[in-house]
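Where a number appears in this text, it was derived from the coordinates with a stated rule and is not lab data. The shown structure was predicted, so the numbers you read here are calculated from the model rather than taken from an experiment. As a convention, Cβ positions derive from the backbone with ideal geometry for all residues, glycine included, and neighbour counts pool all protein chains shown.
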Amino acid sequence: MTGPHAQAVYLSAMTPTDEEIAQMLLQLARSRGPGKTFCPSEAARALTSDWRPLMPRIRDVAAALPLIATQKGIPVDPVNARGPIRLRLAPDPDQGRRASRG
């Protein structure tokens, strides 16, 4: 395949690095904003066309980021949780300190 679509097809078939996964997860979390969740499969789908095999790595990378994984609103370990999870930004630990400085 040649032309502008060839590169897009090639890139979508590549396996993303952990850094690329982390960047996508954080981008999605920040775009949703504080307290809002997203499905980790959104990151996988944005990174590759063959996204399902990527899901265990997505969870592994998410576990090392300032994200909270939940199931039915209850925090869970993203690596060991069975079934679907949602991710959101962890609260900024400095936010309370900044607000209390007045």
Exercise. According to the Cα gyration tensor, what semi-axes, each the square root of 5 times an eigenvalue, does the equivalent ellipsoid of segment 51-95 have, listed from largest to smallest in whole Å?
Worked result: 20, 13, 8
Seminar exercise, completed: Thr70 neighbourhood, Cβ < 9 Å, K/R = +1, D/E = -1, net charge +3
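Summing +1 for each Lys or Arg and -1 for each Asp or Glu, what net charge is found among the other residues whose Cβ lies under 11 Å from the Cβ of Val61?
With Lys, Arg at +1 and Asp, Glu at -1, the neighbours total -2.
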Seminar exercise, completed: Summed over the other residues with a beta carbon less than 13 angstrom from that of Ile85, with K and R at +1 and D and E at -1, the charge totals +2
For this session: Would you kindly work out the equivalent ellipsoid of segment 11-78 from its C-alpha gyration tensor and give its semi-axes, the square roots of five times the eigenvalues, largest first in whole Å?
Result: 20, 12, 11
